[in-house]
1. Evaluate the charge dipole of segment 204-356 about its Cα centre and quote only its size in Debye, nearest 20, assuming +1 on the Cβ of each Lys and Arg and -1 on the Cβ of each Asp and Glu.
2. Measuring from label point to label point, each 7 Å out along Cα→Cβ, what is the Gln240 to Asp44 span in nm?
3. Using modelled backbone amide H atoms (1.01 Å from N, in-plane), which distant-in-sequence or interchain residues come within less than 5 Å of Ser62's amide H?
4. At a probe radius of 1.4 Å, what is the per-residue accessible area of Ile319, in Å² to the nearest 10?
5. Any idea what angle helix 128-139 forms with the longest principal axis of the chain, computed on alpha-carbon atoms, 0 to 90 degrees, nearest 10?
6. Just want the answer: with Cβ charges of +1 for Lys and Arg and -1 for Asp and Glu, which residue in Ala102, Val241, Val191 is farthest toward the dipole's positive end in the chain?
7. Using Cα springs under 10 Å in a Gaussian network model of the chain, which residue among Ala386, Ala215, Ala76 shows the largest mean-square fluctuation?
8. Using the per-residue mean of other Cβ atoms lying within 10 Å as a proxy for protection, in what order, highest first, do the peptides 77-84, 330-337, 188-195 fall?
Amino acid sequence: MTTLDRELPRRARRPSALARVTTAVLERVLPGIEGGTLALSLPDGSTRCFGTGPEVAMRIDSWRLLDRIARSPKLALGESYQAGEWSSHDLVALLELLLNNASPGAARHRWWRRFAEARPRVNRRTGLLAARRTIARHYDLGNNLFRLFLDETMTYSCALFAHGGESLEDAQRRKLRTICEKLELGPDDHVLEIGCGWGSFALTAAGEYGARVTAVTISRAQAELARARIAEAGLEDRIQVVERDFRELDGSYSAIASIEMLEAIGEKLWPHFFAQCDRLLDEGGRACIQTIVVPDEQFARYRSSPDWIERHIFPGCLIPSRSAIVRSLEPTRLRVVGDEEIGPHYAETLRDWRERFHASLVKVRALGYDERFVRTWDFYLAACEALFRTEKMRDAQLVLER
């Protein structure tokens with residue numbers, strides 16, 4: 001149990017007409033749950049159980065959750081959690097149960113899927129100024145916040161664990177070295193890193209492999225801390241941090257690395273991203289792109305309407321599928337020569353991040369973040385862990401050659 005699992009006051013004891021209708025609809029949909037029992041505790045004190053198997057409890061403190069489901073099904077659960085309208089003692093297990101039953105439930109009740117996906121996504125191309133504002137909304141929240149739940153390397157992407165119980169720091173260093181080795185880096189290489197975060201890959205590539213690195217970001221907060229860490233490591237002669245959008249880059253590089261940046265730029269910019277990689281990469285050069293991916297069979301539905309993570313965590317993001325990446329590569333001279341699935345490691349990475357976040361809640365609040373922010377990030381980390389545990393989201397390290 002965490003500090004977020006406290007007893008919240010029950011509100012709105014009388015359901016609205018809309019909530020009553022939603023309750024009736026859910027009583028038709030939920031009995032088909034498999035792989036566990038969903039135990040719902042409603043605001044009027046009654047309890048309803050659906051499914052069979054290990055029980056996962058969900059305490060609903062306000063009928064407003066049911067109103068939200070009726071108005072915006074894809075956003076309702078997260079937005080209601082942000083507002084403190086429901087809780088669970090095992091949030092990840094609850095979300096896993098719901099995710100595992102989402103597709104079978106939608107197949108049984110196709111009208112519900114059509115309703116949930118009725119709000120189309122607007123895939124606007126992101127201009128340079130808008131891209132900076134979008135990135136700032138997440139990555140410029142404050143370096144001190146990210147320090148509280150990331151490991152010592154300050155790496156904000158999927159780690160690679162060799163065994164259970166391994167430290168997050170060791171797993172992140174293995175991931176960074178794996179990318180360096182896939183790029184076959186050495187002292188003669190000049191590497192372009194597109195989306196450098198707080199500098200962990202650049203420090204590894206230059207400090208351990210002797211490469212020269214041009215590290216690119218459009219986050220001022222990240223650039224500031226990356227430069228400080230590079231100076232502390234005595235690698236200012238090997239690493240240059242550049243605050244520039246990938247569309248503004250020029251030059252020639254023997255290798256390119258990009259670690260979970262592709263998801264942030266939006267679908268319309270994927271062809272531009274790979275065209276830039278093609279233009280900037282030397283003949284015979286290699287690129288390693290690590291990116292979260294949606295399974296191909298789910299991509300069309302996923303991209304059709306915005307989800308909670310896009311709305312509240314990463315504005316403007318869209319996660320690609322492997323097939324979408326291949327289509328974006330077709331006009332270029334780049335081809336995929338390696339594809340390693342590392343998604344299961346992301347569930348463990350996210351579990352560590354969430355545990356560290358919970359352990360630092362006093363410090364998070366001391367930094368000025370309010371209760372809504374805390375609940376938003378709790379749901380974000382738990383939802384992502386559940387998505388990777390159920391393989392609704394995956395993670396790939398793609399090696400490209402010219």
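1. About 280 debye.
2. In this crude spin-label approximation the distance works out to 6.9 nm.
3. So Ser62 has HN proximity to Arg11.
4. For Ile319, solvent-accessible area is about 30 Å².
5. 60
6. Toward the positive end, the furthest listed residue is Ala102.
7. Taking springs between Cα atoms under 10 Å, the residue moving most is Ala76.
8. Put in order of decreasing packing, that is 188-195, 77-84, 330-337.
The values are calculated or read from the model by the stated rules, or taken from the named source; none is laboratory data. Here the structure is a predicted model, which is why all the values come from computation and not from measurement. Glycine also receives a Cβ, built like all others from the backbone with ideal geometry; neighbour counts cover every protein chain displayed. Protein only, heavy atoms only, side chains kept; ligands, DNA and RNA dropped before computing areas. Shrake-Rupley method; radii C 1.70, N 1.55, O 1.52, S 1.80 Å.
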